[in-house]
1. For the stretch 52-86, enumerate the residues that are free of Cβ contacts under 8 Å to residues at least 12 places away in the same chain and open to solvent by less than 50 Å² (accessible area, probe 1.4 Å).
2. Would you point out the residue of the stretch 85-99, among those that are of a type outside the set (Lys, Arg) and closer than 13 Å to Lys27 by Cβ, that is modelled with the lowest pLDDT?
3. Open to solvent by 30 Å² or more (accessible area, probe 1.4 Å), out of contact with any strand residue (DSSP E or B) (no Cβ under 6 Å at 6 or more places or on another chain), among the acidic types (Asp, Glu) and within 18 Å of Glu71 (Cα to Cα): which single residue out of Glu145, Glu117, Glu106 fits that description?
4. If you scan the stretch 4-51, which residues turn out to be loosely packed, with under 14 Cβ neighbours inside 10 Å, more than 17 Å from the chain's Cα centre (by Cα) and assigned to a loop (DSSP other than H, G, I, E, B)?
5. Restricting attention to the stretch 120-141, does a residue exist that is within 28 Å of Gly35 (Cα to Cα) and assigned to a helix (DSSP H, G or I)?
6. Would you say Val164 is hydrophobic (A, V, I, L, M, F, W, C) and either under 15 Å from Val38 (Cα atoms) or touching a strand residue (DSSP E or B) at 6+ places or on another chain (Cβ under 8 Å) (or both)?
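The values are calculated or read from the model by the stated rules, or taken from the named source; none is laboratory data. Here the structure is a predicted model, which means the values were calculated and not measured. Note that each Cβ is placed from the backbone with ideal geometry, even for glycine, and that neighbours are counted across all protein chains shown. For the accessible areas, the whole protein counts, side chains as well, though only heavy atoms, and no ligand, DNA or RNA atoms are used. Shrake-Rupley method; radii C 1.70, N 1.55, O 1.52, S 1.80 Å.
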Amino acid sequence: LCEAVGGSYLPLSLSSKERINPFDLPKRVPEDESGEDVLRHAVVMIKGLVSLMVEGLSPEEDAILDKAVYESYALKVITTDLESHKNPPPLMSDLQNILTNMTGAENLARRLGKYVEGTFAGLFNKPTNFDIDKKFTVFSIRDLEDQLRPIGMYLVLNYIWNKVRFD
């Protein structure tokens, strides 16, 4: 169906070429949205994604992760200023490096490791390399491993929500 109507087919799997960077920020922001709101929404989304990846966070890890995600954006000179949102966003490896150097985050950094440098590294640690540019788009998670399917669905749904919300 996608091919018949000239749509975009985006398979999400360990072997596919298409990637979504969870740290992406929207290119366009409505006037009633502030840079602080956009950044806060991104941080909440990433915290939810990481929580799925590491199978839950303790309250201490949640607080540490919150600070680390903001620091990941700061590392790329991304602040609440909307102009700074044009800078290339961080990657999951940037977050893991920050966690590795934070007191109390060592266990969280290790648990995140398989998504950064381990078995699942390619899927969540690269820049987004496509855009929804057609009226009909299919995201396929069929070839994702069972363990990755909820994470992939979360990532795709947030990507779509940001496109709908801001574009």
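1. Answer for the stretch 52-86, where residues must be free of Cβ contacts under 8 Å to residues at least 12 places away in the same chain and open to solvent by less than 50 Å² (accessible area, probe 1.4 Å): Gly56, Ser58.
2. That would be His85.
3. Values: Glu145 fails: within 18 Å of Glu71 (Cα to Cα); Glu117 fails: within 18 Å of Glu71 (Cα to Cα).
Answer to the check: Glu106.
4. Ala4, Val5, Gly6, Ser15, Arg28, Pro30, Glu31, Asp32, Ser34
5. yes
6. Values: hydrophobic (A, V, I, L, M, F, W, C): yes; either under 15 Å from Val38 (Cα atoms) or touching a strand residue (DSSP E or B) at 6+ places or on another chain (Cβ under 8 Å) (or both): yes.
So Val164 fits the description; yes.
Let's see how each residue does on (1) among the small types (Gly, Ala, Ser); (2) in contact with a strand residue (DSSP E or B) (Cβ under 8 Å, 6 or more places away or on another chain):
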residue	(1), (2)
Pro11	no, yes
Ser15	yes, no
Glu31	no, no
Val44	no, no
